[in-house]
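The values are calculated or read from the model by the stated rules, or taken from the named source; none is laboratory data. This is a predicted model, so every value here is computed, not measured. All Cβ positions, glycine included, derive from the backbone under ideal geometry; neighbour counts span all protein chains shown. We work out accessible area using only protein heavy atoms, side chains counted, and drop any ligands, DNA or RNA first. Shrake-Rupley method; radii C 1.70, N 1.55, O 1.52, S 1.80 Å.
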Amino acid sequence: MTLLSRIFRLAGVFLAVFLGGCLGGPVLVSGSLDGDVFWSGTIRIAGDVVLSEGSRLVIAPGTRVMFLPPRDGQDQWTDHPNFPGSELIIRGRVVAEGTAESPIEFRAGDPAAAPGSWGAINLEGSPEAVFRYCRFSQADSALHGRDSVVYVEHSLFEDNLVGIRFNNTQLLAEKNLLRRNGSAIRFHFGAPVICLNELADNQRAIFITSHPRDVRIEHNNILRSREYSVVFGEEVPEDVPLPHNYWGTMDPAVIEAGFFDGRREAHLGRVEYLPPAPGPVEGAGISWTP
């Protein structure tokens, strides 16, 4: 792409978003994004949209990012680490900072759509991905990071197949609410810090699929999981520390019944949950009302 064509392309993106924000009309985005991009108002994504390496996307408070069903030829990548359905693929930097009064929404175009109706916000080698006061719903894997640096705070993940999913990613997840997801958090490798969150009414709260390392998962409220609170995949032979979390009870038998680990399959490691938090962790979860 020549410098001149790139300038015109960026000008078109900025003009479209500016007019959409001012006039209240939605902006349809598809294809690739380059340079510095700013979104506000209502953004509709059709197919796989790619923010290129070295580019930066800033999303304003109150923005609604709506994922539409892709038409023929728009869903270019469907195999893991991508997912079927429209996706926002981030290879550069993204800053999505809403407020308690004006959170940013990422959801399907149809408010009644089922979980898995769009793919993911897919972070591929992103050196900085910041999400604060955001709301994610109806995705396959709402926030998926691979070889990235991700900060997600004060955000709501609900009614997704997977809320937060990552591979070999440096993650800070703090003061979030993850509810009614298939898996609230799913990962392998990585160096996550997952603290002061509430994981409630998920099928599986935490699913560790392969060889975790440098894990810090503590001071969370992990409540009412429909299947298991913690699941270890076949490639987790090591014990994993998860101390100081509140499991909804202090009864060891009840807590351990919520683990699919070495207590059920001898070749797996064990969840090291002692000592548990003696009661609900104060300040865990979001402080704003969805």
- Query: Just one of (1) 42, 36, 15; (2) 30, 26, 15; (3) 36, 19, 16 is semi-axes √(5λ) of the Cα gyration tensor in Å calculated from these coordinates, so which is it?
  - Reply: (3)
- Task: Find how much the distance from residue 191 to residue 30 grows on full extension, using 0.36 nm per residue of separation minus their present alpha carbon separation; answer in nm with one decimal.
- Result: 54.7 nm
- Per residue, how much accessible area does the range 229-290 have with a 1.4 Å probe, in Å²? 50 Å²
- Task: Within 10 Å, count the other beta carbons around each residue, average over each peptide in 189-198, 49-58, and list them highest first.
- Result: 189-198, 49-58
- Most to least packed among 122-135, 143-156 [average Cβ atoms within 10 Å]: 143-156, 122-135
- Per the rule of 0.36 nm per residue minus the C-alpha distance, extending residue 128 to residue 110 adds in nm 3.5 nm
- With Cα coordinates, the longest principal axis of the chain makes an angle with the long axis of helix 3-23, in degrees rounded to 10, of 80 degrees
- What is the packing order of peptides 164-177, 270-283, taking the mean over residues of other C-beta atoms within 10 Å and listing the highest first? 164-177, 270-283
- Item | Positive-end residue of 181, 116, 28, charge dipole of the chain with Cβ unit charges | 28
